[in-house]
Amino acid sequence: MERVDRRAEIELGLRAVTARVARACAAADRDPAGVTLVVVTKNRPPSDVRLLAGLGVSDVGENRDQEAAPKAAACADLPLRWHFVGQLQSNKVRSVVRYAALVHSVDRPRLVRALDDAAQRAGRLLDALVQVRLGSPQGQLGVRGGADPRDVPALADAVAAAPWLRLAGLMAVAPPEEDPRTAFTRLAGLAAAVRAGHPEATALSAGMSGDLEAAVACGATHVRVGTAILGPRPSPG
Ligand SMILES: *Cc1c(COP(=O)(O)O)cnc(C)c1O
(Lines give C-alpha, C1' and ligand atoms only; values in the text may rest on other atoms or scores of the structure.)
Protein backbone atom coordinates (compact mmCIF):
# COMPACT_ATOMS: atom_id res chain seq x y z
CA MET A 1 0.00 0.00 0.00
CA GLU A 2 2.71 2.44 1.04
CA ARG A 3 4.69 1.46 -2.01
CA VAL A 4 1.78 2.23 -4.30
CA ASP A 5 1.36 5.64 -2.65
CA ARG A 6 5.05 6.45 -3.07
CA ARG A 7 4.87 5.53 -6.74
CA ALA A 8 1.88 7.83 -7.24
CA GLU A 9 3.64 10.62 -5.35
CA ILE A 10 6.75 10.36 -7.51
CA GLU A 11 4.69 10.12 -10.68
CA LEU A 12 2.91 13.35 -9.77
CA GLY A 13 6.20 15.12 -9.09
CA LEU A 14 7.66 13.85 -12.35
CA ARG A 15 4.65 15.05 -14.32
CA ALA A 16 4.80 18.48 -12.72
CA VAL A 17 8.52 18.91 -13.43
CA THR A 18 8.22 17.56 -16.98
CA ALA A 19 5.45 20.10 -17.58
CA ARG A 20 7.62 22.89 -16.15
CA VAL A 21 10.48 21.92 -18.47
CA ALA A 22 8.08 21.78 -21.44
CA ARG A 23 6.70 25.25 -20.64
CA ALA A 24 10.18 26.67 -20.21
CA CYS A 25 11.22 25.14 -23.55
CA ALA A 26 8.16 26.57 -25.29
CA ALA A 27 8.90 30.02 -23.84
CA ALA A 28 12.49 29.78 -25.07
CA ASP A 29 11.53 28.30 -28.45
CA ARG A 30 13.50 25.15 -27.67
CA ASP A 31 12.83 21.46 -28.33
CA PRO A 32 12.18 19.68 -24.98
CA ALA A 33 14.16 16.73 -26.35
CA GLY A 34 17.22 18.92 -25.89
CA VAL A 35 16.81 18.99 -22.11
CA THR A 36 17.71 15.87 -20.12
CA LEU A 37 16.06 15.55 -16.73
CA VAL A 38 18.52 14.19 -14.17
CA VAL A 39 16.59 13.17 -11.06
CA VAL A 40 18.81 13.75 -8.03
CA THR A 41 18.27 10.82 -5.67
CA LYS A 42 20.66 11.75 -2.83
CA ASN A 43 19.29 10.80 0.58
CA ARG A 44 16.64 8.62 -1.08
CA PRO A 45 16.47 4.84 -0.85
CA PRO A 46 17.18 2.52 -3.80
CA SER A 47 13.44 1.77 -3.84
CA ASP A 48 12.84 5.35 -5.05
CA VAL A 49 15.39 4.84 -7.83
CA ARG A 50 13.59 1.64 -8.83
CA LEU A 51 10.24 3.46 -8.95
CA LEU A 52 11.79 6.25 -11.05
CA ALA A 53 13.15 3.73 -13.55
CA GLY A 54 9.71 2.12 -13.71
CA LEU A 55 8.24 5.52 -14.53
CA GLY A 56 10.58 5.94 -17.47
CA VAL A 57 13.37 8.00 -15.89
CA SER A 58 16.70 7.30 -17.59
CA ASP A 59 19.09 9.59 -15.69
CA VAL A 60 19.72 9.84 -11.96
CA GLY A 61 22.22 11.94 -10.03
CA GLU A 62 24.07 11.52 -6.75
CA ASN A 63 26.43 13.82 -4.84
CA ARG A 64 28.29 11.52 -2.39
CA ASP A 65 30.20 8.40 -3.38
CA GLN A 66 29.64 6.73 0.00
CA GLU A 67 25.92 6.75 -0.69
CA ALA A 68 25.97 6.46 -4.49
CA ALA A 69 28.23 3.41 -4.86
CA PRO A 70 26.04 0.94 -2.92
CA LYS A 71 22.88 2.47 -4.41
CA ALA A 72 24.15 2.08 -7.97
CA ALA A 73 25.16 -1.51 -7.15
CA ALA A 74 21.69 -2.23 -5.75
CA CYS A 75 20.15 -0.82 -8.95
CA ALA A 76 22.64 -2.32 -11.42
CA ASP A 77 19.86 -4.25 -13.17
CA LEU A 78 18.08 -1.03 -14.17
CA PRO A 79 18.74 0.77 -17.48
CA LEU A 80 19.96 4.01 -15.86
CA ARG A 81 22.67 6.55 -16.53
CA TRP A 82 24.29 7.65 -13.26
CA HIS A 83 25.50 11.24 -12.91
CA PHE A 84 27.92 12.35 -10.24
CA VAL A 85 26.97 15.93 -9.35
CA GLY A 86 28.68 16.57 -6.01
CA GLN A 87 32.06 17.76 -4.85
CA LEU A 88 34.51 15.01 -5.65
CA GLN A 89 37.59 14.08 -3.62
CA SER A 90 40.49 12.55 -5.52
CA ASN A 91 40.46 9.45 -3.31
CA LYS A 92 36.89 8.66 -4.43
CA VAL A 93 37.40 8.73 -8.17
CA ARG A 94 38.25 5.05 -8.55
CA SER A 95 34.88 4.19 -7.08
CA VAL A 96 32.96 6.88 -8.98
CA VAL A 97 34.23 5.83 -12.44
CA ARG A 98 32.76 2.36 -11.87
CA TYR A 99 29.17 3.59 -12.02
CA ALA A 100 29.10 7.21 -13.22
CA ALA A 101 28.57 7.89 -16.92
CA LEU A 102 28.96 11.65 -16.52
CA VAL A 103 30.84 13.53 -13.80
CA HIS A 104 29.47 17.10 -13.50
CA SER A 105 31.92 18.46 -10.98
CA VAL A 106 35.46 18.69 -12.36
CA ASP A 107 36.81 21.86 -10.75
CA ARG A 108 40.61 21.49 -10.41
CA PRO A 109 43.56 20.13 -12.40
CA ARG A 110 44.37 17.46 -9.81
CA LEU A 111 40.93 15.98 -10.25
CA VAL A 112 41.39 15.86 -14.04
CA ARG A 113 44.53 13.74 -13.56
CA ALA A 114 42.89 11.50 -10.95
CA LEU A 115 39.79 10.90 -13.09
CA ASP A 116 41.85 10.23 -16.21
CA ASP A 117 43.98 7.66 -14.32
CA ALA A 118 40.91 6.00 -12.83
CA ALA A 119 39.06 5.89 -16.16
CA GLN A 120 42.11 4.29 -17.78
CA ARG A 121 42.32 1.66 -15.01
CA ALA A 122 38.61 0.96 -15.44
CA GLY A 123 39.09 0.78 -19.20
CA ARG A 124 36.27 3.18 -19.98
CA LEU A 125 35.96 6.64 -21.47
CA LEU A 126 34.36 9.05 -19.03
CA ASP A 127 32.27 12.11 -19.90
CA ALA A 128 33.08 15.13 -17.77
CA LEU A 129 31.76 18.64 -17.19
CA VAL A 130 33.80 21.48 -15.77
CA GLN A 131 31.97 22.97 -12.79
CA VAL A 132 31.99 26.76 -12.66
CA ARG A 133 31.66 28.78 -9.47
CA LEU A 134 29.22 31.55 -10.37
CA GLY A 135 29.13 33.39 -7.04
CA SER A 136 31.87 35.13 -5.13
CA PRO A 137 33.92 32.73 -2.97
CA GLN A 138 32.57 34.42 0.18
CA GLY A 139 29.03 35.02 -1.03
CA GLN A 140 28.18 31.59 -2.35
CA LEU A 141 26.68 30.28 0.87
CA GLY A 142 26.25 26.55 0.99
CA VAL A 143 27.37 26.07 -2.62
CA ARG A 144 30.73 24.38 -2.55
CA GLY A 145 32.99 23.52 -5.42
CA GLY A 146 33.36 24.99 -8.84
CA ALA A 147 36.31 26.59 -10.58
CA ASP A 148 36.85 30.31 -10.75
CA PRO A 149 35.45 31.41 -14.16
CA ARG A 150 38.93 32.68 -15.12
CA ASP A 151 40.34 29.15 -14.67
CA VAL A 152 37.61 27.42 -16.67
CA PRO A 153 39.15 27.65 -20.19
CA ALA A 154 42.43 26.05 -19.05
CA LEU A 155 40.57 23.39 -17.10
CA ALA A 156 38.41 22.61 -20.14
CA ASP A 157 41.58 22.27 -22.23
CA ALA A 158 43.02 19.87 -19.65
CA VAL A 159 39.90 17.67 -19.68
CA ALA A 160 39.83 17.67 -23.49
CA ALA A 161 43.51 16.68 -23.57
CA ALA A 162 43.10 13.81 -21.08
CA PRO A 163 43.05 10.58 -23.14
CA TRP A 164 40.37 8.83 -21.07
CA LEU A 165 38.09 11.85 -20.52
CA ARG A 166 35.65 13.48 -22.92
CA LEU A 167 34.90 17.14 -22.36
CA ALA A 168 31.11 17.28 -22.49
CA GLY A 169 30.56 20.87 -21.35
CA LEU A 170 30.01 22.96 -18.22
CA MET A 171 27.99 22.75 -15.02
CA ALA A 172 27.03 25.27 -12.35
CA VAL A 173 24.81 25.89 -9.35
CA ALA A 174 23.21 29.34 -9.18
CA PRO A 175 24.47 31.36 -6.21
CA PRO A 176 21.64 32.12 -3.75
CA GLU A 177 22.56 35.80 -3.56
CA GLU A 178 21.85 36.50 -7.23
CA ASP A 179 18.96 36.26 -9.72
CA PRO A 180 19.56 32.82 -11.33
CA ARG A 181 18.86 34.24 -14.79
CA THR A 182 21.75 36.70 -14.42
CA ALA A 183 24.08 33.99 -13.16
CA PHE A 184 23.08 31.47 -15.86
CA THR A 185 23.51 34.12 -18.57
CA ARG A 186 27.10 34.47 -17.41
CA LEU A 187 27.47 30.68 -17.51
CA ALA A 188 26.07 30.57 -21.07
CA GLY A 189 28.67 33.14 -22.17
CA LEU A 190 31.45 31.05 -20.67
CA ALA A 191 30.03 27.89 -22.29
CA ALA A 192 30.02 29.58 -25.71
CA ALA A 193 33.65 30.60 -25.23
CA VAL A 194 34.61 27.00 -24.33
CA ARG A 195 32.66 25.65 -27.32
CA ALA A 196 34.61 27.94 -29.65
CA GLY A 197 37.70 25.83 -28.89
CA HIS A 198 35.89 22.55 -28.18
CA PRO A 199 32.84 22.21 -30.45
CA GLU A 200 32.00 18.81 -28.87
CA ALA A 201 31.42 20.41 -25.45
CA THR A 202 27.71 21.02 -25.99
CA ALA A 203 26.31 20.07 -22.58
CA LEU A 204 25.24 22.70 -20.06
CA SER A 205 24.16 21.33 -16.68
CA ALA A 206 22.24 24.03 -14.83
CA GLY A 207 18.96 24.38 -13.00
CA MET A 208 17.50 22.66 -9.96
CA SER A 209 14.02 22.50 -8.40
CA GLY A 210 13.87 26.24 -7.79
CA ASP A 211 15.45 27.68 -10.91
CA LEU A 212 15.09 25.24 -13.79
CA GLU A 213 13.07 27.75 -15.87
CA ALA A 214 15.90 30.29 -15.77
CA ALA A 215 18.38 27.54 -16.69
CA VAL A 216 16.34 26.34 -19.68
CA ALA A 217 15.99 29.96 -20.85
CA CYS A 218 19.80 30.20 -20.76
CA GLY A 219 20.38 27.01 -22.74
CA ALA A 220 20.62 24.23 -20.13
CA THR A 221 20.81 20.75 -21.68
CA HIS A 222 20.68 18.99 -18.28
CA VAL A 223 18.54 20.04 -15.31
CA ARG A 224 19.24 18.38 -11.95
CA VAL A 225 16.05 18.08 -9.94
CA GLY A 226 15.50 16.44 -6.56
CA THR A 227 12.93 17.88 -4.17
CA ALA A 228 10.41 19.02 -6.82
CA ILE A 229 10.02 15.36 -7.82
CA LEU A 230 10.80 13.36 -4.69
CA GLY A 231 9.57 15.77 -2.01
CA PRO A 232 11.50 17.35 0.85
CA ARG A 233 14.70 15.49 1.65
CA PRO A 234 14.50 13.29 4.75
CA SER A 235 17.89 14.57 5.97
CA PRO A 236 20.30 17.30 4.87
CA GLY A 237 22.44 16.67 1.84
C1 LIG B 1 20.88 18.29 -4.43
C2 LIG B 1 21.39 18.81 -5.71
C3 LIG B 1 20.50 19.13 -6.75
C4 LIG B 1 19.00 19.00 -6.64
O5 LIG B 1 18.52 20.01 -5.82
P6 LIG B 1 16.95 20.21 -5.58
O7 LIG B 1 16.84 21.58 -5.05
O8 LIG B 1 16.54 19.14 -4.61
O9 LIG B 1 16.26 20.06 -6.89
C10 LIG B 1 21.06 19.59 -7.94
N11 LIG B 1 22.38 19.74 -8.09
C12 LIG B 1 23.26 19.44 -7.12
C13 LIG B 1 24.71 19.63 -7.36
C14 LIG B 1 22.79 18.97 -5.90
O15 LIG B 1 23.66 18.68 -4.92
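Using all C-alpha to C-alpha distances in the range 128-235, build P(r) with 5 Å bins and read off the rounded percent in each one.
2, 13, 23, 24, 19, 12, 6, 2, 0
Quick one: grab the alpha carbon gyration tensor of the range 74-190, order the square roots of its eigenvalues as a ≥ b ≥ c, and give me rounded if a/c is under 1.5, else prolate or oblate depending on whether a/b is larger than b/c. Could you put the intermediate results ahead of the total?
Numbers: a/c = 2.06, a/b = 1.58, b/c = 1.30.
Prolate shape, in that a/c is at least 1.5 and a/b is the bigger ratio.
In the chain, what percent of the accessible surface is made up of carbon and sulfur (1.4 Å probe, ligands and nucleic acids excluded)?
Details: 5910 of 10880 Å².
The C+S portion of the solvent-accessible surface of the chain is 54 percent.
From Cα pairs below 8 angstrom and at least 6 apart in sequence, can you work out the relative contact order of the range 120-237, rounded to a whole percent? Could you put the intermediate results ahead of the total?
Numbers: 186 pairs, mean separation 27.1, N = 118.
Computed over the range 120-237, the figure is 23 percent.
How do V159, V173 stack up against each other in accessible area, from largest to smallest, with a 1.4 angstrom probe?
Values: V159 0, V173 25 Å².
Accessible-area ranking of V159, V173, largest first: V173, V159.
What FRET efficiency would be calculated for the residue pair R181, T227, taking the C-beta separation as r and a Förster radius of 25 Å, to the nearest 0.05?
Once the sixth-power term is evaluated, E becomes 0.75.
Which whole-angstrom value gives the distance between the alpha carbon centres of the range 156-215 and the range 1-72?
Taking the Cα centre of the range 1-72 as reference, the centre of the range 156-215 is 21 Å away.
Using 7 Å Cα-to-Cβ label points, what is the A33/R124 separation (nm, one decimal)?
If labels sit at A33 and R124, their model points lie 2.7 nm apart.
Report D for the range 1-144 in µm² per second (integer): Stokes-Einstein, Kirkwood Rh on Cα pairs, 37 °C, 0.692 mPa s.
Values: Rh = 16.8 Å.
Stokes-Einstein gives a translational diffusion coefficient of 196 µm²/s.
Using 0.36 nm per residue, how much length does the chain from A19 to A193 gain when fully extended, once their Cα-Cα distance is taken away? Could the numbers behind the result be given before it?
Details: separation 174, 0.36 × 174 = 62.64 nm, distance 3.11 nm.
So the extension gain works out to 59.5 nm.
From largest accessible area down, sort L12, L125, L102; use a 1.4 Å probe on the protein chains. Don't skip to the end; give the middle numbers.
Values: L12 120, L125 85, L102 5 Å².
The most accessible residue leads, giving L12, L125, L102.
With runs of 4+ DSSP H residues as the only contributors, calculate the mean residue ellipticity of the chain at 222 nm using -39,500 (n - 2.57) per run, divided by the residue total and rounded to the nearest 500.
Numbers: 9 runs with 104 residues, N = 237.
My calculation for the chain gives -13500 deg cm²/dmol from helical runs alone.
Ignoring ligands, DNA and RNA, what accessible area per residue does the chain give at 1.4 Å, in Å²?
46
What is the gain in length, in nm to one decimal, between R144 and R6 on full extension, counting 0.36 nm per residue of separation less the C-alpha to C-alpha distance? Could you put the intermediate results ahead of the total?
On the way: separation 138, 0.36 × 138 = 49.68 nm, distance 3.13 nm.
Full extension from R144 to R6 adds 46.5 nm.
Which order do peptides 73-85, 24-36, 201-213 fall in by mean Cβ count within 10 Å, highest first?
201-213, 73-85, 24-36
Express the relative contact order of the chain as a whole percentage, based on alpha carbon pairs under 8 Å and six or more residues apart in sequence. All intermediate terms of the calculation are to be shown ahead of the outcome.
Numbers: 431 pairs, mean separation 49.9, N = 237.
So the answer I get is 21 percent.
Once the dipole of the range 15-87 is set up with Lys and Arg at +1 and Asp and Glu at -1 on Cβ about the Cα centre, which of A27, W82, L37 lies farthest towards its positive end?
Of the options given, the answer is A27.
The values are calculated or read from the model by the stated rules, or taken from the named source; none is laboratory data. Predicted, not measured: the structure shown is a model, and the values here were computed from it. Positions of Cβ are backbone-derived with ideal geometry, glycine not excepted, and every protein chain shown enters the neighbour counts. Surface accessibility is based on the protein's heavy atoms, side chains included, excluding ligands, DNA and RNA. Shrake-Rupley method; radii C 1.70, N 1.55, O 1.52, S 1.80 Å.
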